[in-house]
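The structure under discussion appears below in the form of structure tokens.
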Amino acid sequence: MTEVLVIGAGLAGLAAAVSAAESGARVTLCEKRSEIGGSTVLSAGLSAFAGTEEQAAAGIADSTELLRHDLLETGLHRNDPALVDAYCAHQLDTYRWLRGLGVEYGKVHAASGQSVPRSHPTDTRVLVRTLLERALSRGAVFLPDTRAHRLIVEDGAVRGVLTEEGERLRADAVVLASGGFSRNPELLTRFAPQMERALRGGAAGSTGDGLLMAWKAGAGVIDTPYVKGTFGIHPDPDGAEGGTGVLAIYKGAIAVNRNGRRFVDESLPYKAVGDACLAQPDGIAFQVFDAQVMDRADPSVPIYDFAARVGNGLLLRARTLDELAGLIGVPADALRETVAAYNAAIAGRAPDEQGRTTLSGGVGTPVPITTAPFYAHPSTAVVLATYCGLTIDPSMRVLDVFGEVIDGLYAAGELVGGLHGAGYVTGTSIGKAAIFGRVAGLAASGAREERP
Ligand SMILES: Cc1cc2nc3c(=O)[nH]c(=O)nc-3n(C[C@H](O)[C@H](O)[C@H](O)COP(=O)(O)OP(=O)(O)OC[C@H]3O[C@@H](n4cnc5c(N)ncnc54)[C@H](O)[C@@H]3O)c2cc1C
């Protein structure tokens, strides 16, 4: 009999499969699609770890304590402190474990919610392939094109799953790692109506299957009010957009609505700017900037690769602000006034109407918008991940609506809630998938040994 059954071959499921197999369990990993990787391989691949070799090499002083502080502050202390502690307790071990398996990280950079640069980029396709090979080398069985449909529950304990084809896969413990629900419109409407006007990203397999299966078994769900969209994606749903959009605002652009007026302090985290954008007419904004900001573009970082977007028609260019206003359909006099007021505020002649004092998150000096050509990037918010989900304890055991353990059921990755609280620190979704996936695999294999 299979001892640990893992559902979903994204980062969380693969980490769980490897750690369970490494601890001696017989592991079966099932994935509903033919390809592995889920949202993990669509992502920007940034992991939030603290105290790493890459940070030390760049002279960045970081610590688990500072990471803990950032998680709680960004989450407005609505996080489950036990899960924040679990993330912090296992993050460095998990980073070293991944490095030990051959995973490599690039140059660390700063992002939303991070007091110091803490985003560790990696090639996520290599990451998932490395983990799958490791799991297979440790004897795990991989079943692609196998969709878990229902949990098998016996005497209140989860003992496997029934697949969509009607096969019974029995196990002592099941680890649900089937990702979020950003591609399930019905669940989004139910749990995150605040995102109704946002676009939907994430992998095609992110349809909330694990959430529904666990829900039927009595699992609790937490953090649904905090599902947020990421600002910067082009609003044309049929356009060339696939990833995260651009954040010219963090290089000096302003964001204006259809009336040509600013509506937010553009230096705020991109989720907060996303919320503000969705509240504007048609849920649309335009990132407006000039040649000086274009000079700060960085083709190696997708969110700062502005020039490529002129070529594919996503970024509009004009010789004057009036011409730009015509291209994006906002009143020219309003846009002119808005830019003039912003430039006056930067020059110190008046306080900024939106309270902006920096480029991004307290760092960098805003620049005036004066130099032709001028650019506008139509932008809205996209739900890339659903940060809420199942209630779990620090061993990744799923808790029911009364906070009691559901025997035999574990969960990790995007489908669990409680870690982020009211706000998301960049890199903690990939981080959560790796760290909690690994812990879930260890705990699920340990649970097997505890049974008579
Ligand atoms: C464009 C984009 C950029 C992002 N950038 C970042 C970033 O830089 N940093 C960060 O921290 N986060 C980022 N995220 C979020 C992050 O990628 C995800 O939250 C994380 O990868 C989720 O990992 P996971 O293993 O839980 O789920 P996934 O990687 O989605 O894997 C879940 C797997 O389960 C499978 N599955 C689903 N249902 C079933 C079923 N019933 N039976 C069997 N298999 C099933 C799916 O097909 C899928 O393969 C980004 C997301 C997107 C879309």
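Looking only at residues in segment 37-81 that are within 14 Å of the ligand (Cβ to nearest atom), closer than 16 Å to Asp123 by Cβ and part of a helix (DSSP H, G or I), which one is most open to solvent (accessible area, probe 1.4 Å)? Per the criteria, the residue is Leu42.
Only strands (runs of 3 or more DSSP E) whose full extent lies in segment 342-452 are considered here, and the ones with at least 1 residues that are open to solvent by 40 Å² or more (accessible area, probe 1.4 Å) are 397-399, 405-411. For segment 163-194, taking the residues that are assigned to a strand (DSSP E or B) and more than 21 Å from Gly38 (Cα to Cα), the one that is least open to solvent (accessible area, probe 1.4 Å) is identified as Ala173. Look at segment 303-315: where a residue is in the same structural domain as Val293 (by TED's automatic domain parsing) and a partner is assigned to a helix (DSSP H, G or I) and among the hydroxyl-bearing types (Ser, Thr, Tyr), sitting 6+ places away or on another chain with Cβ atoms under 9 Å, you get Ile303/Tyr250; Ile303/Tyr270; Tyr304/Tyr250.
If you check Gly139 against the conditions, is it surrounded by fewer than 16 Cβ atoms within 10 Å (Cβ to Cβ), at pLDDT 95 or above, closer than 17 Å to Val27 by Cα and more than 10 Å from the ligand (Cβ to nearest atom)? Yes, satisfied. For segment 18-36, the condition holds for at least one residue, the condition being that it is under 30 Å from Pro144 (Cβ atoms), under 21 Å from the mean Cα position of the chain (by Cα) and crowded, with 19+ Cβ neighbours inside 10 Å.
Considering the conditions (1) outside the structural domain of His420 (by TED's automatic domain parsing); (2) open to solvent by less than 20 Å² (accessible area, probe 1.4 Å); (3) within 13 Å of the ligand (Cβ to nearest atom), Thr244 is excluded by exactly one of them, (2).
Restricting attention to segment 150-162, the residues that are free of Cβ contacts under 8 Å to residues at least 40 places away in the same chain, open to solvent by 20 Å² or more (accessible area, probe 1.4 Å) and not acidic (Asp, Glu) total 1.
Number of residues in segment 404-430 that are hydrophobic (A, V, I, L, M, F, W, C) and within 14 Å of the ligand (Cβ to nearest atom): the value is 7. Listed by first and then second residue, the pairs linking a residue in segment 1-25 that is closer than 19 Å to Ser178 by Cα and assigned by TED's automatic domain parsing to the domain that holds Gly208 to a residue that is crowded, with 24+ Cβ neighbours inside 10 Å and of a type in the set (Lys, Arg), with Cβ atoms under 8 Å apart and 6 or more places separating them unless they lie on different chains, are Ala12/Lys432; Ala15/Arg438; Ala16/Arg438; Val18/Arg438; Ser19/Arg438.
Yes/no matrix, rows are residues, columns are (1) within 23 Å of Leu384 (Cβ to Cβ); (2) free of Cβ contacts under 8 Å to residues at least 24 places away in the same chain:
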{"residue": "Ile254", "(1), (2)": "no, no"}
{"residue": "Asp265", "(1), (2)": "yes, no"}
{"residue": "Leu278", "(1), (2)": "yes, no"}
{"residue": "Leu321", "(1), (2)": "no, no"}
{"residue": "Thr338", "(1), (2)": "no, no"}
{"residue": "Ala347", "(1), (2)": "no, yes"}
{"residue": "Ser360", "(1), (2)": "yes, no"}
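When Asp145, Asp123, Asp172 are checked against the criterion of being more than 29 Å from His420 (Cα to Cα), out of contact with any helix residue (DSSP H, G or I) (no Cβ under 9 Å at 6 or more places or on another chain) and assigned by TED's automatic domain parsing to the domain that holds Gly413, Asp145 stands alone in meeting it.
Listed by first and then second residue, the pairs linking a residue in segment 109-135 that is on the phi < 0 side of the Ramachandran plot and assigned to a helix (DSSP H, G or I) to a residue that is open to solvent by 30 Å² or more (accessible area, probe 1.4 Å) and away from the ligand (no atom under 11 Å from the Cβ), with Cβ atoms under 6 Å apart and 6 or more places separating them unless they lie on different chains, are Thr130/Leu101; Thr130/Gly102; Arg134/Leu101. With respect to the conditions (1) over 19 Å from the mean Cα position of the chain (by Cα); (2) open to solvent by 40 Å² or more (accessible area, probe 1.4 Å); (3) within 16 Å of the ligand (Cβ to nearest atom), Ala219 lacks only one, and its number is (2).
Does Thr371 satisfy being of a type in the set (S, T, N, Q), within 16 Å of the ligand (Cβ to nearest atom) and at pLDDT 95 or above? When the stated conditions are applied, Thr371 does not pass them.
The values are calculated or read from the model by the stated rules, or taken from the named source; none is laboratory data. As the structure is a prediction and not an experimental result, all values here were calculated from the model. Note that we place each Cβ from the backbone using ideal geometry, even for glycine, and neighbour counts take in every protein chain shown. Areas reflect the complete protein model, heavy atoms only, side chains present, ligands, DNA and RNA absent. Shrake-Rupley method; radii C 1.70, N 1.55, O 1.52, S 1.80 Å.
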